[in-house]
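Sending over a structure as structure tokens; questions will come in a sec.
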Amino acid sequence: MRIPFNKPYVTGNEFQYIREALEAGHASGDGAFTHKCHELLERLTGTRKALLTTSCTHALEMAALLLNIGPGDEVIVPSFTFVSTVNAFVLRGAIPVFVDSRPDTLNLDESLLEGLITNLTRAIVAVHYAGVGCEMDLILDIASSHGIAVVEDNAHGFLGRYRGKQLGTLGCMAAQSFHETKNVTCGEGGALLINDPKYVERAEIIREKGTDRSRFFRGQVDKYTWVDVGSSYLPSDVLAAFLLAQLESVEEIQTKRKRIWNTYYAGLSEWADRMHVRLPFIPQYCDQPHHMFYMIVPSLEFRQALIGRLRERGILSVFHYLPLNRSAAGQRFGRPAVCPVAEDVSDRLVRLPFYTGLEEADQEAVIDAVQSFAGLGGRMYAS
């Protein structure tokens, strides 16, 4: 494709830092660059403790372990999300309880939560779709009244805000993604942000294969041993070196992405009104991190024709999640659910190319290609 959907962005110091990590002789996890990333993440977000992981998926798995989720427990999750959100808890034997989406932000519909909570409910997972904050005040109030934990799946929302508060710092813990499609990346990577101090010590143990190795290196014990369940969730310090360069350039990255998002919105608003296409909705009290740009078109046929037209122009656009309640695994592991909003939106959502290094000329080519598509009138035609 002439214009890909995503392209990794390099800020300038990534290769230098990787070389330094290798020359230091510590390429495995929890080296100097990992610790620098932890400190910078804590400063940027205000979380109590940040721990790098090999992926956002693994951060979610750690959250499930920290909450002692087990067989028969119920976890409320949005149907309109990536499978990792659910898998992390199903791996512990939990039953996913799918909740439908709000029609405006596409986040979980908080008005449905009370009707889904039972005496088996252990957690609610709030996924901030496209980096736009869920209605966290109400979600936290509902959860607190039932003694339920709230975990934020903040894969899309790094440095986004809800009513002035950083996404990822509102629940007891949050999972962060540094996958190559995210604003800040190291190819594959993530982090667990821990906001409740009672989870910090055990999180370090779980992350270190169930050992108290972190305490040993701090001189708190004279030897380390197996003390709990766990796995190897540490990324290489080489990946942390790459990530540090990205985190240090986050202001530059966010500025570029904001310009790209605003250019799409301004360039497509008139066409969207004419074609009955909905552009993203951002509540006034949410500061989005400009992670993606999507459109909700009138029909599945319209979407497929638009994607095809863009492909003809050498432009790769994609759709997003298939509702998990309708998936084979969702029906196998989850409580039966009907999620009409998620099921409808899933057929009509299309995402446009969006990456930090997207050149202005390429973005204009995408906008021109979309504007030239005049919909379906028995056939696809261009204006």
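The values are calculated or read from the model by the stated rules, or taken from the named source; none is laboratory data. All figures in this text were calculated on a predicted structure; none of them were measured in a lab. Here the Cβ positions follow ideal geometry from the backbone for every residue, glycine too, while neighbour counts run over all protein chains shown.
Which condition breaks for D73 when tested against (1) out of contact with any helix residue (DSSP H, G or I) (no Cβ under 9 Å at 6 or more places or on another chain); (2) buried (at least 18 other Cβ atoms within 10 Å of the Cβ); (3) of a type in the set (D, E)?
For D73, the exception is condition (1).
Contact list please: Cβ distance under 8 Å, first residue in segment 218-232 and under 13 Å from E204 (Cα atoms), second residue at pLDDT below 80 and surrounded by 12 or more Cβ atoms within 10 Å (Cβ to Cβ), pairs at least six apart or on different chains.
Y224/R213; Y224/R215; Y224/F216
I'd like to verify a number: residues in segment 160-188 that are surrounded by fewer than 19 Cβ atoms within 10 Å (Cβ to Cβ) and of a type in the set (G, A, S), how many?
2
Does V83 satisfy the condition of being aliphatic (A, V, I, L, M), within 30 Å of L40 (Cβ to Cβ) and within 18 Å of the chain's Cα centre (by Cα)?
yes
Being out of contact with any helix residue (DSSP H, G or I) (no Cβ under 9 Å at 6 or more places or on another chain) and surrounded by fewer than 21 Cβ atoms within 10 Å (Cβ to Cβ): is that true of S231 here?
For S231, the condition - out of contact with any helix residue (DSSP H, G or I) (no Cβ under 9 Å at 6 or more places or on another chain) and surrounded by fewer than 21 Cβ atoms within 10 Å (Cβ to Cβ) - is not met.
Further question: Only one residue in A88, A50 is in contact with an Asp or Glu (Cβ under 7 Å, 6 or more places away or on another chain) and part of a strand (DSSP E or B). Which one?
A50
Identify, from the list A245, A266, A191, the residue that is surrounded by 22 or more Cβ atoms within 10 Å (Cβ to Cβ) and hydrophobic (A, V, I, L, M, F, W, C).
Going through A245, A266, A191 in turn, the sole match is A191.
If you don't mind, another one. Here is a check on your reading of the model: is A342 modelled with pLDDT under 95, assigned by TED's automatic domain parsing to the domain that holds W261 and hydrophobic (A, V, I, L, M, F, W, C)?
Answer is no for this residue.
Which count do you get for residues in segment 7-47 that are β-branched (V, I, T) and outside any loop (DSSP other than H, G, I, E, B)?
3
Anything in segment 269-307 that is buried (at least 17 other Cβ atoms within 10 Å of the Cβ), within 23 Å of the chain's Cα centre (by Cα) and without any contact (Cβ under 8 Å) to a residue 40 or more places away in the chain? List them, or say none.
Listed by number, the list holds a single entry, R278.
Another question about this same structure. Can you tell me which residue is nearest to F178 (Cα to Cα) among those in segment 6-51 that are free of Cβ contacts under 8 Å to residues at least 12 places away in the same chain and among the basic types (K, R)?
My answer is R43.
Count, please, the residues in segment 220-259 that happen to be acidic (D, E) and closer than 22 Å to K36 by Cβ.
4
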